[in-house]
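The values are calculated or read from the model by the stated rules, or taken from the named source; none is laboratory data. Keep in mind it's a predicted model, so treat the numbers as computed, not measured. Please note: Cβ atoms are built from the backbone with ideal geometry, for glycine as well, and neighbour counts cover all protein chains shown. Just the protein is used for accessible areas: all its heavy atoms, side chains included, with ligands, DNA and RNA removed. Shrake-Rupley method; radii C 1.70, N 1.55, O 1.52, S 1.80 Å.
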Amino acid sequence: MRIKNLKLKNFRNYENESIAFTDGLNVVFGRNAQGKTNCAEAVFYLCTGTSPRSRRDKQLIRHGADFAEISAECEGVYGNIEISAKILENSREVKINGNKITRNADILGNIFSVFFSPHELRLIQDGPDERRRFLNISISQLSKPYYVALSRYNKILEQRNNLLKNRDMSLVYETLPVWDEQLCKYAAVVASKRTEFAAMLAPLAMEIHSYLTDGAEVLEISPEKKYKGDEKELSEKLFAELSANYERDIRLGFTASGPHRDDLDIVIDGADAKNFASQGQMRTAALSVKLAEVEIFKKMSGEYPVLILDDVMSELDLPRRKKLVARTVGLQTILTCTHAERVLYGKEVHKIRIEGGKVKK
């Protein structure tokens with residue numbers, strides 16, 4: 001999988017630019033606040049339909065403009081793909097090979113990408129929401145059924161939570177089983193897919209972490225062992241758990257059981273990484289998880305994703321920079337940095353200098 005050309009119009013600080021990428025390592029460099037990260041963000045947006053930095057699309061529109069447009073020409077094992085997105089104040093229009101798509105699920109799976117920046121430390125140091133977000137974005141790219149099940153689960157969960165706040169107790173007790181039957185159907189898909197993904201992720205992340213640390217530390221990742229079994233068993237177990245806790249959920253005013261409460265346990269040398277790891281250890285662990293994600297995409301889709309490394313070099317020591325660059329051989333990588341890193345000297349790279357939202361020759 002590779003991106004050949006990216007076009008940006010009124011996107012962040014870009015007025016109208018076209019950026020060509022090559023196979024291998026593409027280094028997007030320039031001073032701070034010139035638009036390097038914006039370029040990386042645009043690529044990820046076209047891959048996933050979401051920004052790694054902003055939850056609201058209208059924030060992507062250039063100040064003073066009414067809309068933003070981004071598009072990319074891509075090449076994969078199944079041929080060429082052109083994908084574009086026009087972002088308006090309260091809506092967007094996405095096209096694939098000129099055809100307008102109406103479902104968000106259809107954005108996924110056209111271009112695969114993995115995004116890493118210093119902010120990905122949130123994966124380790126923040127709460128379960130960040131780890132669920134990582135799982136959701138990654139698995140959704142690989143599995144449309146997962147994305148659909150997750151979307152429907154969240155909608156039904158919202159309706160169930162609204163019902164729990166109703167003061168008509170007879171209505172609540174009468175209606176909850178109806179919602180729960182549907183909720184558990186989709187919850188089983190979500191929980192099952194997450195378990196499968198975590199089972200692939202754990203050994204890969206452990207191996208890569210050992211490589212990056214020269215075997216000095218051991219990284220272990222595992223899902224909380226709440227739900228086991230096939231989808232039918234998972235659905236039945238969760239239904240029983242919800243049914244046994246109606247009073248608790250009514251008292252709380254929200255649903256306290258289900259995949260929306262899932263987490264991943266991340267442990268370094270036997271200690272919980274969130275509470276005991278240093279910043280450097282967290283950074284290496286998060287990078288290991290992301291590089292493991294790259295290998296899962298290759299295994300599941302048959303081709304490597306586009307790897308986006310945003311301002312990661314400044315956060316690593318020289319030996320780990322070298323190891324990271326070595327790990328990118330064989331896949332298209334978009335790496336942003338403030339200058340041509342010493343570790344890149346002598347490497348065959350494509351350099352792109354950005355200044356004030358413009359590509360400088």
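The table for this structure:
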read-out	value
Elements of type strands (runs of 3 or more DSSP E) contained in region 300-361, each with 3 or more residues being more than 17 Å from residue 41 (Cβ to Cβ)	349-355
Subset tally (residues that are free of Cβ contacts under 8 Å to residues at least 40 places away in the same chain and under 23 Å from the mean Cα position of the chain (by Cα)) for region 256-274	1
Strands (runs of 3 or more DSSP E) contained in region 1-104 and holding at least 3 residues at pLDDT 95 or above and exposed (fewer than 14 other Cβ atoms within 10 Å of the Cβ)	14-20
Among (1) of a type outside the set (D, E, K, R); (2) surrounded by fewer than 13 Cβ atoms within 10 Å (Cβ to Cβ); (3) in contact with a Gly (Cβ under 6 Å, 6 or more places away or on another chain), the one test that residue 357 misses	(2)
Hits in region 193-218 (condition: open to solvent by less than 40 Å² (accessible area, probe 1.4 Å) and more than 22 Å from residue 130 (Cα to Cα))	212, 213, 217
